[in-house]
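The values are calculated or read from the model by the stated rules, or taken from the named source; none is laboratory data. From a predicted model like this one, the values you see are computed outputs, not experimental measurements. Counting neighbours? That spans all protein chains shown, and the Cβs are built from the backbone with ideal geometry, glycine included.
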Amino acid sequence: MLEICSFSLESCLTAQKAGAGRVELCGGMFEGGATPSAGLVSLVRQSLTIKLYVMIRPRGGEFCYSDTEFEVMKADIHVAKNLGADGVVFGILNPDGSVDKKRTTELVNLAAPLKVTFHRAFDVANNPFQALEDIIDCGCERILTSGQKNTAIEGIDLLKNLVEKSQNRIEIMVGSGVSAQNAQQFLNIGINALHMSGKGIKESKMIFRKPDVSMASVALTNEYEIYEADFDKCKAVVEILKK
């Protein structure tokens, strides 16, 4: 299975055309992913025949949420269910870095019969093997992880251990820096689910540009570059998985 992290309808369509089996739909690209708009979820669901998982994340930053943020997450799960999503993606930690089992279980039950991916909040948990057991106990379908490193290839040793310790009780899906150049290395350690954005850069159509004004409080990138899934990058990984 290849899952494409997508931030637009265009990227979702590219992912499907390239042969991906699932889309993780997000907003807030430069926050590492946040809950997408209801309008985007609705249009993507109408346009895709492959599986659609919706990110449930009320803000960027760490994963210890306030009571009001937790209520927003519950409301967003209802929206995703009503709009026809196949699953949702979230992760919640306690202040000490352990998995918040109480809240995670509550959201898993609320999402049912939709399946749940526990996202890369796992990668900042204080003990990966205890987090693995806790997430299994909560009833999640899979964990998205880079092996607690910035890129999955750096975390490949932990990923191998997680696959072994999971004993097929939960799917371990690898993400962060996955490409056609390293996909086979993950398959070789027993991983069978890959996650990538496969992003390419499209130049903005804007001709007039005002360089001294930014719409972001912190300018992280060139606002005249638009990031979309690249068909060739996605297709290359699909072909590796087919083999």
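Scanning region 1-35 for residues that are closer than 16 Å to Ser176 by Cα, surrounded by 24 or more Cβ atoms within 10 Å (Cβ to Cβ) and not hydrophobic (A, V, I, L, M, F, W, C) yields a count of 3. Here Asp100 fulfils each of the conditions (1) surrounded by fewer than 21 Cβ atoms within 10 Å (Cβ to Cβ); (2) more than 18 Å from the chain's Cα centre (by Cα) apart from (1). The condition of being surrounded by 15 or more Cβ atoms within 10 Å (Cβ to Cβ), of a type in the set (S, T, N, Q) and modelled with pLDDT under 95 holds for only one of Ser197, Ser146, Ser217, that being Ser197.
The set of residues from region 59-77 being β-branched (Val, Ile, Thr) and under 15 Å from Thr105 (Cα atoms) comprises just one member, Ile77. Of all residues in region 1-36, those satisfying the criterion of being closer than 19 Å to Thr117 by Cα and among the polar types (S, T, N, Q) are Ser6, Thr35.
Residue count for region 106-126, restricted to those that are closer than 18 Å to Pro58 by Cα and small (Gly, Ala, Ser): 2. Filtering region 153-169 for residues that are of a type in the set (A, V, I, L, M, F, W, C), buried (at least 20 other Cβ atoms within 10 Å of the Cβ) and under 24 Å from Lys115 (Cα atoms) leaves a non-empty set. Determine the pairs where a residue that is on the phi > 0 side of the Ramachandran plot, located within region 179-196, has a partner that is modelled with pLDDT of 95 or more with Cβ atoms under 7 Å apart, the partner being 6 or more residues away or on another chain. Listed by first residue and then by second, the contacts come to Gly190/Val163.
Looking only at residues of region 49-86 that are part of a loop (DSSP other than H, G, I, E, B) and of a type in the set (D, E, K, R), we find that the one that is surrounded by the most Cβ atoms within 10 Å (Cβ to Cβ) is Arg57.
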